[in-house]
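S.K.: Take a look at the following structure, please.
The values are calculated or read from the model by the stated rules, or taken from the named source; none is laboratory data. Please read all numbers here as calculations on a predicted model, not as lab measurements. Cβ atoms come from the backbone with ideal geometry, glycine included; neighbour counts cover every protein chain shown. In case anyone asks, the SASA skips ligands and DNA or RNA and just uses the protein heavy atoms, side chains included. Shrake-Rupley method; radii C 1.70, N 1.55, O 1.52, S 1.80 Å.
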Amino acid sequence: MSNYDLIKIQERLQKKLTPERYQHTLGVMYTCAALAMRHGCDLEKALVAGLLHDCAKCMPNEKKLKICKKNHIPVTQAELDNPFLLHAKVGAFLAREKYGVEDEEILNAIRYHTTGTTNMTLLEKITYIADYIEPWRNKAPNLSTIRELAFVDIDQALYVVFRDTLQYLQHTGNEIDQTTRMAYEFYRDLYEKKEKKNP
Ligand code: DGI
Ligand code: FE
Ligand code: FE
């Protein structure tokens, strides 16, 4: 661990997050590390992505929108309607500007941790899944199955998480961002192709 001062980042983050969000953050960081060990991903990148993924979460929506405007970060209609979604994009921006992360792979893992995206890198998958399964999470359905699956077949775990997330969003009448939908369709198709080959 040489490129990043994780202790320093933790100290700074703790001041920006509520105690619950900080606890979740540490849960995601260590779950990212465990998944990285299992799937052969760079450990330090996984720790940093997990640690910083929600760095913009506790900022008022107004401020998130302002940062986007000022820095020409494109905002979708779904994000305008649900500004909390912006914590991912704004988080990637702050990770670069305030926490000195230059690694595009880490920044993308933060950028896509809420919606997911098509054709994800291993680091993006790990961060997305870790956010969903970290030990302090307890609300989602099928959590124990997904926790196990994440260490067996990460693409299948992604499919199940996207499927359950979309179902939840549809059920609650939430607007679905284009990126979330495309991510779901991508991993559903991948899963179905694989099932056809090896039923
Ligand atoms: O920030 P966290 O709470 O740790 O987790 P997150 O960044 O993954 O956000 C989770 C929430 O985001 C979850 O309730 C589902 C929601 N979400 C994901 N994609 C979309 C979405 N909400 C809306 N309205 N539209 C989406 O496309
Ligand atoms: Fe988040
Ligand atoms: Fe999170």
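S.K.: For the range 1-154, what does the accessible surface come to per residue with a 1.4 Å probe? Please give it in Å².
M.R.: For the range 1-154, the solvent-accessible area averages 51 Å² per residue.
S.K.: Now a separate question. Could you work out the relative contact order of the chain? I mean the mean sequence separation of Cα pairs under 8 Å and 6+ apart, divided by the number of residues, in percent.
M.R.: Relative contact order here is 21 percent.
S.K.: What order do Tyr99, Tyr30 take when sorted by accessible area (1.4 Å probe), most exposed first?
M.R.: Tyr30, Tyr99
S.K.: Roughly speaking, to the nearest percent, how much of the chain's 1.4 Å accessible area is carbon and sulfur?
M.R.: Taking all protein chains in place, the chain shows 51 percent carbon and sulfur surface.
S.K.: Still on this structure, I have one more. Please give the FRET efficiency for Leu80 paired with Ser144, using the beta carbon to beta carbon distance and R0 = 22 Å, rounded to the nearest 0.05.
M.R.: Once the sixth-power term is evaluated, E becomes 0.05.
S.K.: Suppose each label sits 7 Å from its Cα in the direction of the beta carbon; what would the Lys196-Cys58 distance come out to in nanometres?
M.R.: Output for this residue pair reads 4.8 nm.
S.K.: Over every pair of different alpha-carbon atoms in the range 86-163, take the mean of 1/r and invert it; report that Kirkwood radius in Å.
M.R.: Hydrodynamic radius (Kirkwood, Cα pairs) of the range 86-163 is 13.1 Å.
S.K.: Fully extended, how many nm does the chain gain between Asp153 and Glu185 (0.36 nm per residue separation, minus their Cα-Cα distance)?
M.R.: Full extension from Asp153 to Glu185 adds 9.7 nm.
S.K.: Once each part is reduced to its C-alpha centroid, what is the distance from the range 151-186 to the range 46-116 in angstrom?
M.R.: 20 Å
S.K.: I've got another one for you. Taking a probe of 1.4 angstrom, what is the accessible area of Met37 in Å², to the nearest 10?
M.R.: Accessible area, nearest 10 Å²: 130 Å².
S.K.: Normalise the Cα radius of gyration of the range 15-102 by 2.2 N^0.38 Å (N = residues in it) and let me know the number.
M.R.: The value comes to 1.16.
S.K.: Residues of the range 68-102 with backbone nitrogen within less than 17 Å of a virtual label 7 Å along the Cα-to-Cβ line of Arg12, please, listed as ranges.
M.R.: 90-102
S.K.: Also: Rounded to the nearest 10 Å², what accessible area does Arg21 show when all protein chains are kept and the probe is 1.4 Å?
M.R.: Accessible area of Arg21: about 50 Å².
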